[in-house]
Amino acid sequence: MRSINIGLSDEQRQGVIDLLNQDLSDAYLLLVKTKKYHWDVVGPQFRSLHELWDEHYEALSTNIDAYAERVRALGGYPVGTVAGFLQHATIGEHPGDIPNTTQMVSRLMENHETIIRNLRQHLDACSKQFHDEGTADFLTGMMEQHEEMAWMLRSFIEGQSLEPSNIRFGIEDRQPAGTN
Ligand SMILES: [Fe+2]
């Protein structure tokens, strides 16, 4: 096979490929978890979350393809088995339970935050340790997407925590005039 001559050593390329395969695996697990909650969600926020998670699924699917093809562009092979994704991922699964809506949102948000922290480290390593500014830029774009998805999920949870005070104000509003 013709050697790859793009200004990176084999060791540098391999270091980057390893990081990309970890990020690919985390994205794949998150893709599966996002789709599962798209199916399972119930309650007043059903339509919003059902549709949001479909959008996130589509975005993650596109990103997974981009990770895998970047690995190929650097001369490596992407992880491509379920066992491999589980082995390389840093986020976990929650088999056999159906959490409530807030727990679903919270779990996915925390997974996005874990991935954001990983990507922040990885883009730094790509730039400083492996001198691969292209992948550092690529990972920066991925991190920004996860930051936006995490913000959307966080907003649902913050909306939940506002409800008790709204209810309390509603009760106070119903007090007859002149009672205080
Ligand atoms: Fe669907």
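Among the protein heavy atoms of region 10-161, carbon and sulfur supply 51% of the accessible surface, probe 1.4 Å, non-protein parts ignored.
Only DSSP H runs of four or more residues enter the estimate; each adds -39500 (n - 2.57), and after division by the residues of the chain the mean residue ellipticity at 222 nm equals -27000 deg cm²/dmol.
Taking the Cα atoms of region 64-119, the ratio Rg/Rh between the radius of gyration and the Kirkwood radius comes to 1.07. Rounded to the nearest 10 degrees, the inclination of helix 133-173 to the longest alpha-carbon principal axis of the chain is 10 degrees.
Taking the Cα centre of the chain as reference, the dipole from Cβ charges on Lys and Arg (+1) and Asp and Glu (-1) amounts to some 240 debye. Over region 10-161, Cα pairs under 8 Å with separation of 6+ residues give a relative contact order of 30 percent. Counting Lys and Arg as +1 and Asp and Glu as -1 over every other residue whose Cβ lies under 9 Å from the Cβ of Leu74, the net charge comes to +2. Of the residues Ala83, Ser9, Leu52, the one whose Cα sits farthest towards the positive end of the charge dipole of the chain is Ala83 (charges of +1 on Lys and Arg Cβ, -1 on Asp and Glu Cβ, taken about the Cα centre). Taking other residues whose beta carbon is less than 13 angstrom from the beta carbon of Cys126, and scoring Lys, Arg as +1 and Asp, Glu as -1, yields -2. Between Thr81 and Asp10, the FRET efficiency estimated from the beta carbon spacing at R0 = 22 angstrom works out to 0.35. Each principal axis of the Cα cloud of the chain was evaluated for its coordinate range; sorted largest first, these ranges are 86, 33, 21 Å.
Length gained on full extension, Arg120 to Thr90: 9.4 nm, using 0.36 nm per residue less the C-alpha separation.
The values are calculated or read from the model by the stated rules, or taken from the named source; none is laboratory data. Values in this document were obtained by computation on a predicted structure and should not be read as measured data. In this analysis, Cβ positions are derived from the backbone assuming ideal geometry, glycine residues included, and neighbour counts consider all displayed protein chains. These accessible areas exclude ligands, DNA and RNA; they are computed on the full protein's heavy atoms, side chains included. Shrake-Rupley method; radii C 1.70, N 1.55, O 1.52, S 1.80 Å.
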